[in-house]
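A.B. asks: First the structure, which I've put down as structure tokens, then a few questions once you've had a look.
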Amino acid sequence: MSYAEIKRSPEQVATDLAQLRSMNWAEVWAGDGNSPTSKDWAESLGWRLASLDPDNNLTIALLSGGSLTLFRHQHSTRFEQALAVAWKLRARQANENRAVVEQALAAWTNYYQAAVRALGSPEHEPRADVVGDTGPSALFKPTGSSRALFELKVNLASSMLDGVRPGSASIRVLIHPA
């Protein structure tokens, strides 16, 4: 039997995305080099620092209750990408992999609709299936002065399709500099 690690409901993700869309992403991408501490920097943006990993990547808590990990350029105070995992399902046995993919695709629809409510229409209408080892994804272009490109995608662990090992699938929000 597979098990789910649902972190945020589609409605919660829509709230998170609406908050993130209004951020000053130029300031976010510039990083925390001008602040005394990463904690001070996060607070200046209205966030709370949740953790700092050994590579100095930050996980921050959003006012909406979600969390976001900011990944740094190597050896830099600048950030190059942000990631939030909204939903995850793991197979306990390899024969559950197909069911995990089917459940991820079913969940994708609700998360996609939530993203459209928060971000507007995507750049291209996404496909709703798996091609090779790639799940569906949607790219939302920045609007106005935003310097962030939002991507919603189904991520499949490499073990999902080999049929030998149990795998996992997740629905992720990635944010890239625009």
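The values are calculated or read from the model by the stated rules, or taken from the named source; none is laboratory data. Note that the coordinates shown come from a computational prediction; the quantities given were computed from them, not determined experimentally. Cβ: placed from backbone, ideal geometry, glycine included. Neighbour counts: every protein chain shown. Heavy atoms of the whole protein, side chains included, go into the accessibility calculation; ligands, DNA and RNA do not. Shrake-Rupley method; radii C 1.70, N 1.55, O 1.52, S 1.80 Å.
A.B. asks: Name the one entry in P122, P126, P142 that is touching a strand residue (DSSP E or B) at 6+ places or on another chain (Cβ under 6 Å), at pLDDT 75 or above and either over 23 Å from S9 (Cβ atoms) or not in a loop (DSSP other than H, G, I, E, B) (or both).
C.D. replies: P142
A.B. asks: What number of residues within the stretch 51-69 are open to solvent by less than 60 Å² (accessible area, probe 1.4 Å), within 18 Å of R8 (Cα to Cα) and either touching a residue at least 12 places away in the same chain (Cβ under 8 Å) or assigned to a loop (DSSP other than H, G, I, E, B) (or both)?
C.D. replies: So the answer is 8.
A.B. asks: On to the next question. One residue is enough: does the stretch 11-27 have a residue meeting the conditions at pLDDT below 90 and among the hydroxyl-bearing types (S, T, Y)?
C.D. replies: Yes, the stretch 11-27 has at least one match.
A.B. asks: Please find, within the stretch 71-112, the residue that is farthest from P10 (Cα to Cα) out of those that are part of a loop (DSSP other than H, G, I, E, B) and of a type outside the set (G, A, S).
C.D. replies: H75
A.B. asks: Quick check on the stretch 35-50: of everything there that is assigned to a loop (DSSP other than H, G, I, E, B) and over 18 Å from the mean Cα position of the chain (by Cα), which residue is modelled with the lowest pLDDT?
C.D. replies: Selected residue: S35.
A.B. asks: Another question, then. When residues of the stretch 137-173 are filtered for being open to solvent by less than 20 Å² (accessible area, probe 1.4 Å) and touching a Phe, Trp or Tyr at 6+ places or on another chain (Cβ under 9 Å), how many remain?
C.D. replies: 10
A.B. asks: Return the residues of the stretch 21-42 that are of a type in the set (G, A, S) and on the phi < 0 side of the Ramachandran plot; say none if nothing qualifies. Don't jump to the end; show me each part of the working.
C.D. replies: Narrowing the stretch 21-42 to residues of a type in the set (G, A, S): 22, 26, 30-31, 33, 35, 38, 42.
S22, A26, A30, G33, S35, S38, A42 - these are the residues of the stretch 21-42 that are of a type in the set (G, A, S) and on the phi < 0 side of the Ramachandran plot.
A.B. asks: Would you pick out the residues in the stretch 1-22 that are open to solvent by 30 Å² or more (accessible area, probe 1.4 Å) and either over 30 Å from N97 (Cα atoms) or part of a helix (DSSP H, G or I) (or both)?
C.D. replies: E11, Q12, T15, A18, Q19, R21, S22 - these are the residues of the stretch 1-22 that are open to solvent by 30 Å² or more (accessible area, probe 1.4 Å) and either over 30 Å from N97 (Cα atoms) or part of a helix (DSSP H, G or I) (or both).
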